[in-house]
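Accompanying notes for the structure given below.
The values are calculated or read from the model by the stated rules, or taken from the named source; none is laboratory data. Quantities reported herein were computed from a predicted structural model and do not represent experimental measurements. When we count neighbours, we look across all protein chains shown, and the Cβ atoms used for this are built from the backbone with ideal geometry, even at glycine. Ligands, DNA and RNA are excluded from the accessible area calculation, which covers all protein heavy atoms including side chains. Shrake-Rupley method; radii C 1.70, N 1.55, O 1.52, S 1.80 Å.
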Amino acid sequence: MEFQRAQEIVASPKEYEVSYNGVSIWIDKLHEDGKTATVHLRRSLEERSEVDISELKEEYLVQ
């Protein structure tokens, strides 16, 4: 994922399906370096990780 798209997702009132290593996550914070973000698993608010934004994937749901 590109930094600009991650910014759009974080700022949007809509909920987007984003994954990291095939696991559904929520983006908590984008870092000023423009390369990393703090994320957590959608099911667990406790465990947070810093990951490369380039490794995040927006999942498109078939409707």
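Putting +1 on Lys and Arg Cβ atoms and -1 on Asp and Glu Cβ atoms, find which of 45, 31, 56 reaches farthest to the positive end of the dipole of the chain. It is 45. Scaling the Cα radius of gyration of the chain by the globular reference 2.2 N^0.38 Å produces a ratio of 1.03. A probe of 1.4 angstrom, applied to the heavy atoms of all protein chains, finds residue 39 with accessible area near 10 square angstrom.
Heavy atoms of the protein chains alone define the surface here; on that basis the chain has 75 Å² accessible area per residue at 1.4 Å probe size. Placing +1 on the Cβ of every Lys and Arg and -1 on the Cβ of every Asp and Glu, with no other charges, gives the chain a dipole of roughly 160 debye about its Cα centre.
Its relative contact order, with pairs defined as Cα atoms under 8 Å and 6+ residues apart, puts the chain at 35 percent.
In the chain, the portion of solvent-accessible area held by carbon and sulfur atoms comes to 47 percent [1.4 Å probe, whole percent, DNA, RNA and ligands not counted].
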